[in-house]
Structures are given as C-alpha cells and as structure tokens.
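Scroll down for the structure; my scribbles are underneath it.
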Amino acid sequence: MNKLQDWPEPIVRVQSLSESCLNKIPERYIKPSTERPSFSSENNNIDHNVNIPIIDLTGLFQADQNVRAQIISQISMACREWGFFQILNHGVRPELMDQAREGWRQFFHAPMEVKQAYANSPKTYEGYGSRLGVEKGAILDWSDYYFLHYRPTNLKDFNKWPPYPPSIREVIDEYCKELVELCGRLMKILSLELGLREDHLQNAFGGENIGACLRVNFYPKCPQPDLTLGLSSHSDPGGLTMLLPDDQVPGLQVRKGDNWITVKPAKHAFIVNIGDQVQVLSNANYKSVEHRVIVNPNQERVSLAFFYNPKSDIPIEPVKELITTDKPALYPPMTFDEYRLFIRLRGPRGKSQVDSMKSPKCY
Ligand code: OGA
Ligand code: NI
C-alpha cells in the first residue's frame with residue numbers, strides 16, 4: 001500500500017477552528033510540555049535584542065573587490081554560525097514582495113469553498129493543506145498552507161495554483177522568477193566562499209534543472225499560544241530557503257545553542273536559510289539550523305517560504321574538495337526524492353533526519 005495516497009483522517013482547517021471563537025484549542029494541537037514555546041522571561045536568559053545577522057547586499061554583484069570581500073565575509077559567518085541571515089538590497093522589487101504577500105493574504109480570506117476546491121493530498125502536496133505528516137493521530141501544528149511547484153517546468157501547473165485574487169498567478173510567477181535568479185546569484189557567492197569554482201554548487205544541484213517550490217503559511221489567531229506551535233521545530237530539507245515573513249507580526253524562532261531567538265524582520269528583507277542539502281554538499285561547513293514558528297492570540301500571520309532545491313533524482317553528497325583527513329565525508333549520497341520522503345511521512349522532527357545520516361565512523 002502506498003502510504004502517500006491520502007490523509008489518514010479528515011482534514012480540519014485551522015482557520016475554521018480559529019474563527020469558531022473557541023477559547024480553548026483542541027487537544028490535537030497541544031504540544032508536549034518540552035516543545036511548548038516559553039513566553040515567560042524567568043527561565044531564559046536571552047537578550048531580547050539578539051537578532052540573526054542582517055546583511056546589505058549593495059555592491060555584492062559589482063566589481064569593487066573590497067566591498068565584495070566584506071559582504072562575503074559576513075555571509076560566511078552567517079552560514080557557518082547561524083545558518084540564517086536577512087538580506088537587504090537583494091534586487092527584488094519591494095512592491096512585488098508586498099503584492100505577493102498581500103495577494104496571498106486575500107486568498108486565505110477567500111470563502112472556504114474557493115480554497116477547498118484546491119485541497120491537497122499527500123501524493124504531491126500541491127494545493128491547500130493543513131498538515132504535513134501522514135501519521136494517524138499525530139499532534140498537529142496551528143497553521144494552514146498552500147504549496148505549489150515552480151520548477152522543474154514540467155511540474156509547473158497553473159491549474160494547481162490559486163485562482164483568487166485575479167492577479168495572483170501572475171504575481172506568483174514573477175515573484176518566483178525573481179527568486180530563482182537571486183538564488184542562482186547566491187549559489188555562486190556560496191561556492192566561492194567555500195573555495196570552489198563559482199558554478200560548483202549550481203552544477204551539483206543539477207545545473208538548469210533545479211527544483212523550486214513555494215509554501216505559503218497562514219497562521220490564524222490562536223487563543224492558547226503557549227500550548228502549541230504554528231510550525232514545529234524542523235530544518236528545511238532542500239537547498240536554500242528565501243522566506244518573506246509577515247511585515248507586521250513576528251513569529252519565526254531560530255535555534256541558537258539551547259535558546260530560541262525570535263527573528264525581528266527588517267523591512268523588505270528576505271530571510272535566507274541554509275537547507276539540509278547545502279549542509280550535506282558543504283560537508284557541514286554550512287549549517288541547516290532548526291527553526292519553528294510561534295503563534296499569538298490577536299494577530300494572524302502570513303509568510304512565503306520559497307525553496308530552491310537540487311534536481312530531485314541526482315545523488316547529493318559532500319563536495320570532494322571539502323573532504324579532508326580531518327573532516328572525512330560526513331554523509332552518504334542520497335537523492336532529494338529519497339530524502340524528502342522522511343519529512344513527508346513523519347512531519348517536522350527537528351534535525352533528526354540530517355543528523356541520522358551522519359556516517360557513524362566519523363563519530
Ligand atoms: C517553513 C518555515 C517559517 C515561517 O515554511 O519551512 O520555516 O516564518 N516557515 O513561516
Ligand atoms: Ni522552515
């Protein structure tokens with residue numbers, strides 16, 4: 001039996017739960033106490049001013065070698081120490097970013113029948129969804145989402161994209177095109193920073209044949225935000241993620257050691273993070289870091305996560321040049337198709353997958 005044919009139980013839209021004015025969330029959304037967010041200040045000594053690095057890319061793609069070197073060294077630190085950073089002046093028009101996010105907000109506020117017509121199944125995940133894993137009885141996250149493919153071209157299917165608001169398909173198309181270009185440019189910078197030829201990572205991803213998809217998250221208001229999460233802790237399975245967060249409502253938390261840092265989004269910045277496939281290719285020089293989303297009682301939150309992935313059927317393994325006697329290959333080769341089955345069967349589980357792949361001989 002193929003476990004990925006259908007959901008194990010009827011789907012409940014979190015938005016409908018939220019709108020039905022319950023003052024208690026259903027038990028299915030209550031996390032074990034160790035996973036709940038901590039809102040009290042007494043048990044954490046986090047400095048609330050801490051933020052992930054913010055990097056201005058002005059000049060990065062131009063000739064001045066000094067400016068380039070400075071920006072690259074900031075990116076280097078961010079990829080090695082944080083796995084996360086925000087970028088400013090990245091070349092994507094601010095108006096396009098706002099149009100994309102606000103268009104999606106309108107979609108999530110469309111009548112339920114409009115959205116239900118695009119309900120997804122675990123076969124491809126494309127469409128309107130409310131859970132990730134297919135384990136019966138699993139504890140669920142407080143969010144709905146929409147997932148669609150942009151690349152490879154044969155998977156791009158306008159009929160599976162949302163129909164409303166009327167301009168949304170066009171906006172998504174342009175938005176994704178810009179992000180594919182931006183990711184291509186960043187891949188060159190990361191390759192150079194790792195001491196490789198500038199096209200190395202892109203070639204390892206399959207050259208022109210990369211995958212790209214968009215997951216739009218909708219986190220409805222939640223009456224008991226201290227008991228649940230909008231999205232459980234996970235690392236992104238793909239290559240690079242470009243997140244456009246809500247401009248009004250924080251919610252993303254990034255792990256730093258034993259602490260969770262709440263990201264303070266900069267205006268019109270993208271939040272970039274390293275996914276598991278780049279951790280593997282870089283032989284763990286770059287870190288794919290755990291993150292999660294908290295929800296709140298007064299405000300909904302919309303975010304767009306754009307995933308730039310390797311071609312799904314080529315083996316991904318540590319780049320030869322980054323294997324040394326001190327640091328042998330940490331991971332065996334695996335295709336992205338094989339890799340992403342894990343998260344699709346079991347839902348978000350921290351970093352357990354990429355960590356479990358580590359070759360035992362190295363530890
Ligand atoms: C994701 C993700 C974060 C957010 O979709 O993988 O981590 O802020 N989203 O919604
Ligand atoms: Ni993520």
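The values are calculated or read from the model by the stated rules, or taken from the named source; none is laboratory data. Since we're looking at a predicted model, the values are computed, not measured. All Cβ positions, even for glycine, are placed from backbone atoms using ideal geometry, and neighbour counts span all protein chains on display.
Name the residue, out of LYS24, LYS3, that is modelled with pLDDT under 90 and of a type in the set (Lys, Arg).
LYS3
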Condition test on VAL272, is it surrounded by fewer than 21 Cβ atoms within 10 Å (Cβ to Cβ) and within 13 Å of ligand 1 (Cβ to nearest atom)? no
Looking across region 203-231 at residues that are of a type in the set (S, T, N, Q) and surrounded by fewer than 22 Cβ atoms within 10 Å (Cβ to Cβ), the single one that is farthest from the chain's Cα centre (by Cα) is GLN224
From the option list GLY239, GLY257, single residue qualifying as away from ligand 2 (no atom under 12 Å from the Cβ) and at positive phi is GLY257
Kindly indicate which of ASP226, ASP246 is touching a helix residue (DSSP H, G or I) at 6+ places or on another chain (Cβ under 8 Å) and either near ligand 1 (Cβ under 8 Å from one of its atoms) or assigned to a loop (DSSP other than H, G, I, E, B) (or both). ASP246
One residue is enough: does region 112-121 have a residue meeting the conditions surrounded by 13 or more Cβ atoms within 10 Å (Cβ to Cβ) and without any contact (Cβ under 8 Å) to a residue 12 or more places away in the chain? no
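Hey, among PRO348, PRO333, PRO318, which residue is of a type outside the set (Val, Ile, Thr) and surrounded by fewer than 16 Cβ atoms within 10 Å (Cβ to Cβ)?
Details: PRO348 fails: surrounded by fewer than 16 Cβ atoms within 10 Å (Cβ to Cβ); PRO318 fails: surrounded by fewer than 16 Cβ atoms within 10 Å (Cβ to Cβ).
Going through PRO348, PRO333, PRO318 in turn, just one is of a type outside the set (Val, Ile, Thr) and surrounded by fewer than 16 Cβ atoms within 10 Å (Cβ to Cβ): PRO333.
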Of all residues in region 285-325 being more than 10 Å from ligand 1 (Cβ to nearest atom) and aromatic (Phe, Trp, Tyr), which is farthest from HIS268 (Cα to Cα)? TYR286
If I filter region 199-219 for residues that are modelled with pLDDT under 95 and over 22 Å from ASN273 (Cβ atoms), do I get at least one hit? yes
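Of all residues in region 275-284, which are within 12 Å of ligand 1 (Cβ to nearest atom) and either of a type in the set (Gly, Ala, Ser) or within 30 Å of ASN23 (Cβ to Cβ) (or both)?
From region 275-284, those within 12 Å of ligand 1 (Cβ to nearest atom) are 275-276; that's our starting set.
Passing the criteria: only GLY275.
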Would you be able to say whether some residue in region 261-269 is modelled with pLDDT of 95 or more, closer than 17 Å to ARG105 by Cβ, among the aliphatic types (A, V, I, L, M) and part of a loop (DSSP other than H, G, I, E, B)? no
Go through (1) out of contact with any Lys or Arg (no Cβ under 8 Å at 6 or more places or on another chain); (2) closer than 21 Å to ASP246 by Cβ for ASN159 and report which single condition fails. (2)
